[in-house]
Structures are given as C-alpha cells and as structure tokens.
Amino acid sequence: MDWSHYRFHTRWALPASPATVYDVLEQAEDYPRWWPQVRAVERLDDTTGVITIRATLPYDLVFTAREVRRDRAAGVLEIAMTGDLEGWARWTITGDGAGTLALYDQVVDVHKPLLRRLAVPGRPVFRANHRLMMRAGRRGLVAYLEAV
C-alpha cells in the first residue's frame, strides 16, 4: 500500500437549488470568500489555476488545478491536480428534495516531502485534517448561499 495515496468521498446536503450550487462551485477563484482553508486561488488562464490550501495542521499544500470537465447538464465539475497533490477531484451536483446534494470525490497522491516522510504515522491525522477542512467548507458554503 502506498501510504501517500488517498481517496476521499464527502456528501454535502445544501439548502439551495442545484443550479445555484453549481454556479458557486464552478467559480473556484471565489472559494477563499467562503472556504477558510482555501487560502488562495490564482487563475493562470480560463481552465487552470494555482490553489493554496491550509487546514488545521500547520502546512500549506499548493497545486495546479486544470479543468478536465465542466458539464452543467450532468452537474459535474472535475479537475486534475499536480504539485503537492497529484490526482483528481470532482464535484457532482444533484437535486435532493428542496435542496442539493453535492458529492465531492478526490483521489490523490501526496508529493509534499514532509508529508511523505510522515505518511505512516501521520495518516490518521491527515485524514482527520481533511474531514475538518470539508466540514468547514460546508459551513462556509451554507452561509455564503444564504447571503447570496
């Protein structure tokens, strides 16, 4: 097993229409407005940007995100990542009663040297760090959606 390989699956129930949620999630450069752990998004061109994230643990992860799929009809937004994280991430947006279900799937290999060295003992902590980041992201998005 490669201890630096991670698969994440997160479900967010959101109190807004799928179209509204999709519109917010497709604007990655606005993520720092509502997701505290997304520290910066620097657009390089129409489909690529550099993203800096920092969750609870005191380290930044910096990666280049390149749009792979933007499909409003299917409710899918997908990126490929290179840098401290290499792999992909995908949002899948669907209706859920009066609101929306946003599924976040991510499969990555961590390339940041310190995190690779700490891969075995740190794995449970890194996974918990990711869960905390995702919880904060959902809270931030719900507040943002209510304000819009």
Problem set entry | Within the stretch 4-60, tally of residues that are open to solvent by less than 70 Å² (accessible area, probe 1.4 Å), more than 25 Å from Val148 (Cβ to Cβ) and more than 12 Å from the chain's Cα centre (by Cα) | 8
Exercise. Which of the residues that make up the stretch 15-24 are of a type outside the set (Phe, Trp, Tyr) and closer than 23 Å to Val107 by Cα?
Worked result: Val21, Val24
Problem set entry | Of the criteria (1) under 17 Å from Pro32 (Cβ atoms); (2) modelled with pLDDT under 95; (3) β-branched (Val, Ile, Thr), which one Val142 fails | (2)
Problem set entry | Matching option when the condition is among the hydroxyl-bearing types (Ser, Thr, Tyr), crowded, with 17+ Cβ neighbours inside 10 Å, in contact with a Lys or Arg (Cβ under 9 Å, 6 or more places away or on another chain) and under 25 Å from Thr20 (Cβ atoms), among Tyr144, Tyr104 | Tyr104
For this session: Taking the options Arg127, Arg131, Arg66, name whichever one is part of a helix (DSSP H, G or I), of a type in the set (Lys, Arg) and surrounded by 13 or more Cβ atoms within 10 Å (Cβ to Cβ).
Result: Arg131
Exercise. Does at least one position in the stretch 89-101 carry a residue that is outside any loop (DSSP other than H, G, I, E, B), over 23 Å from Pro121 (Cα atoms), without any contact (Cβ under 8 Å) to a residue 24 or more places away in the chain and of a type in the set (Val, Ile, Thr)?
Worked result: yes
For this session: Select, from Arg139, Arg72, Arg117, the only residue that is open to solvent by 60 Å² or more (accessible area, probe 1.4 Å) and in contact (Cβ under 8 Å) with a residue 24 or more places away in the chain.
Result: Arg72
Exercise. What is the one condition in (1) open to solvent by 40 Å² or more (accessible area, probe 1.4 Å); (2) modelled with pLDDT under 95; (3) in contact with a helix residue (DSSP H, G or I) (Cβ under 8 Å, 6 or more places away or on another chain) that Met1 does not satisfy?
Worked result: (3)
Exercise. How many residues does the stretch 61-91 hold that are within 15 Å of Phe8 (Cβ to Cβ) and either of a type in the set (Asp, Glu) or more than 14 Å from the chain's Cα centre (by Cα) (or both)?
Worked result: 2
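The values are calculated or read from the model by the stated rules, or taken from the named source; none is laboratory data. From a predicted model like this one, the values you see are computed outputs, not experimental measurements. We place every Cβ from the backbone using ideal geometry, glycine too, and count neighbours over all the protein chains shown. When the accessible area is computed, the model is the full protein with side chains, heavy atoms only, and any ligands, DNA or RNA have been set aside. Shrake-Rupley method; radii C 1.70, N 1.55, O 1.52, S 1.80 Å.
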